[in-house]
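Single-structure report; data block below.
The values are calculated or read from the model by the stated rules, or taken from the named source; none is laboratory data. As the structure is a prediction and not an experimental result, all values here were calculated from the model. For neighbour counting, all protein chains shown are included, and Cβ atoms are generated from backbone atoms with ideal geometry for every residue, glycine included. For the accessible areas, the whole protein counts, side chains as well, though only heavy atoms, and no ligand, DNA or RNA atoms are used. Shrake-Rupley method; radii C 1.70, N 1.55, O 1.52, S 1.80 Å.
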Amino acid sequence: MPDTIAHDSSAACFSAAKLNSLTLKNRFIKAGTFENMTSNGVPSDALNRFHGELADGGIAMTTLGYCAVENDGRLNENMMYMHEGIRPPLSVLIADLHQRGTMVSGQMGYCGGFSKNRHLSRRRPLGPSFGLNGLGIAQGMLFCDAMSVRDINAMVASYSRAATFMKSVGFDALEIHFGHGYGLCQFMSPKTNKRKDEYGGSLENRMRLPLRVLAAVREAVGDDFPLLGKISMTEGVRGGLHYDDAVEISKLLDKAGIDGIITSGGTSSMNPMIMFRGGNILPAMLKTEPSLVMRLILRLAGKAMFKDYPYKELYFLEQAKRIREAVNCKMIYVGGASSRASFDQLMAAGFDFIQLGRSLLSDPDLPNRAQADVNFVSRCTHCNECVATIESPEGIHCTQF
Ligand SMILES: Cc1cc2nc3c(=O)[nH]c(=O)nc-3n(C[C@H](O)[C@H](O)[C@H](O)COP(=O)(O)O)c2cc1C
């Protein structure tokens, strides 16, 4: 159970709690949602305003979505990658959020073999094994290549360098992305990892790279720095990772010294709708996808990839509870938490923190309002149109309010 500072169980979600050496003023953390407010990879004033509004709304810690650990780790060229060139705008952003009383986490991402980044240093993106790169079709990058052990070592070094940079620039915590079908998840998954060497085959082998990355990041930031990991409890595809695997994976991360596990699900490349249940995003994507080829592919194959998962409040609760029981580290719930009743339920179920995605897009001042009103329910309708705004020039936003 958490090192709770205030003991009023009726308002546990508004009590301070520790995450390693960091004290968060309440239990609300903004989930990583790639903002698309980093044109050509540079943090913009819009990004500052976006997180500033969340800070003023009472969130304890916000997360900068998808901070690629190196250039080739970006899904597209508008994403930030961690390098000295962006130190000035990042420092300003983080200092401003600190002044507003909010801590800042950075989501460390590496896309692996799933990329449409036209600025790659090589012809094709690299994943655990040779395969299709569905995202890169319009860019003529139909396939990804398999990493050599040298490439794997270079990737670990990139995480280490990025972690050192991120700590030095002022981030209060880091979140390693182990889920959603990105690079590390591709290694963890038997669906995408077909390697025959020590990085493929058994779960122990498939976890070798993710655990090396965790160790390298830990070494770079030190024992007292908060490190979170976001996992997909299920990929939602035959032959992929499922809930039973997630329990074993979580135990390994816990044993290796992670401070907190965020229990998400789904993969951006194969079955994204498990992650954000509610309105199907296919119609909005067909409207906003700029590439004719991708629109054609979406028309032909979209129904198979974008399956219907109707919204249900706290849709990952039962599976996340299994992990709560299996690990000692902090547990961060994500997925359909959008009312005060749900926040109280999560606290009572032993979760330490709550990550919020869509409900903070519709209600940036959610923590303050939920504190003032025990009957608070977010205005978010889970229509998921915000997901399609990920390509919008103005960045992600709620289309309803
Ligand atoms: C617009 C948008 C962008 C997202 N981008 C990311 C991302 O960059 N990284 C990530 O791990 N999850 C991303 N997600 C998923 C959220 O972090 C979260 O897991 C999901 O929305 C479920 O939480 P919710 O029900 O509180 O929205 C995104 C979600 C939305 C709506």
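Summary table below
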item	result
Built amide H within the under 5 Å cut-off of Met233, gap 5+	Ser264, Gly265, Gly266
Antiparallel bridges, percent of DSSP beta bridges restricted to the chain (to nearest 5)	20
Gain upon complete extension [Arg161, Glu313; 0.36 nm per residue less C-alpha separation]	50.8 nm
Highest average packing first - 313-322, 263-272, Cβ atoms within 10 Å	263-272, 313-322
Estimated 222 nm signal from helices in the chain, with DSSP H stretches of n ≥ 4 weighted -39500 (n - 2.57), rounded to 500	-10000 deg cm²/dmol
For region 74-86, Karplus couplings with θ = phi - 60° (6.51, -1.76, 1.60), whole Hz, Gly/Pro x	8, 6, 8, 7, 8, 6, 6, 10, 7, 7, 4, x, 9
Residues whose placed amide H lies under 5 Å from that of Leu19, excluding near-sequence neighbours	Leu24
From phi via Karplus (6.51, -1.76, 1.60), per-residue ³J(HN,Hα) for region 393-401 in Hz, x at Gly/Pro	x, 8, x, 5, 6, 7, 8, 9, 10
Electrostatic dipole magnitude of the chain [Cβ: Lys, Arg +1; Asp, Glu -1; Cα centre; debye, to 20]	1100
Heavy atoms of Lys330: accessible area, 1.4 Å probe, square angstrom to 10	30
Computed E for Lys287/Thr381 - FRET, C-beta separation, R0 25 angstrom, nearest 0.05	0.90
Cα-derived Rg to Rh of the chain, Kirkwood definition	0.93
Linear extension gain, Glu53 paired with Asp244, 0.36 nm per residue minus alpha-carbon span	64.9 nm
Helix runs (DSSP H) in the chain reaching 15 Å along axis by Cα, Kyte-Doolittle at least 0.5	208-221, 292-305
Residue-by-residue Karplus 3J(HN,Hα) for region 371-385, coefficients 6.51, -1.76, 1.60, Hz, glycine and proline x	6, 7, 9, 5, 9, 4, 10, 5, 6, 4, 9, 6, 5, 6, 5
Of Lys30/Lys116; Lys194/Lys230; Lys191/Lys330; Lys303/Lys330; Lys196/Lys321, pairs whose Cα-Cα distance is over 31 Å	Lys303/Lys330; Lys196/Lys321
